[in-house]
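K.L.:
Okay, handing you the structure first.
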Amino acid sequence: MRHVMKIKQYNINFSGEVQGVNFRDIARIYAKVIGITGTVENWSSGSVHCEAQGTSSLVDIFILALRKKRKVRGVEKVETELKNRETEFTIKY
């Protein structure tokens, strides 16, 4: 039996010291290296919001890499809902 990996979209909200520290640029680089797509943007609340698309294991690696790199206090919210799939990872303004 073949294992089929399903692509899902995750909404991820990073809080802590995540604005003004190149977090979005690092997220874009990690996303490209890991092989996920989506968007990343600063929110007025001081958090950074990502919409990341990939397998659950690749998105987990992405989250762990960002938490380790910037010592983010924690991911406040992770939702798994399949939406329109992106073809690249971009910064929203």
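The values are calculated or read from the model by the stated rules, or taken from the named source; none is laboratory data. None of the values given here were measured: they were computed from a predicted structure. Counting neighbours? That spans all protein chains shown, and the Cβs are built from the backbone with ideal geometry, glycine included. Each accessible area value is taken on the protein alone, full model and side chains, heavy atoms only, with ligands, DNA and RNA left out. Shrake-Rupley method; radii C 1.70, N 1.55, O 1.52, S 1.80 Å.
K.L.:
Sorting check: for 29-36, 12-19, which peptide has the highest mean count of neighbouring beta carbons within 10 Å, and how do the rest follow? Kindly include the intermediate steps, with their values, before the conclusion.
P.N.:
Values: 29-36: 16.8, 12-19: 19.0.
Top to bottom by mean Cβ count within 10 Å: 12-19, 29-36.
K.L.:
Could you state how much accessible area Thr90 has, in square angstrom rounded to the nearest 10, with a 1.4 Å probe and all protein chains kept in place?
P.N.:
Here the residue's solvent-accessible area equals roughly 50 Å².
K.L.:
Follow-up. Starting from the Cα gyration tensor of segment 1-53, multiply each eigenvalue by 5, take the square root, and state the resulting semi-axes largest first in whole Å. Intermediate results must be reported in sequence, preceding the final value.
P.N.:
Numbers: eigenvalues 133, 30, 11 Å².
Output for segment 1-53: semi-axes of 26, 12, 7 Å.
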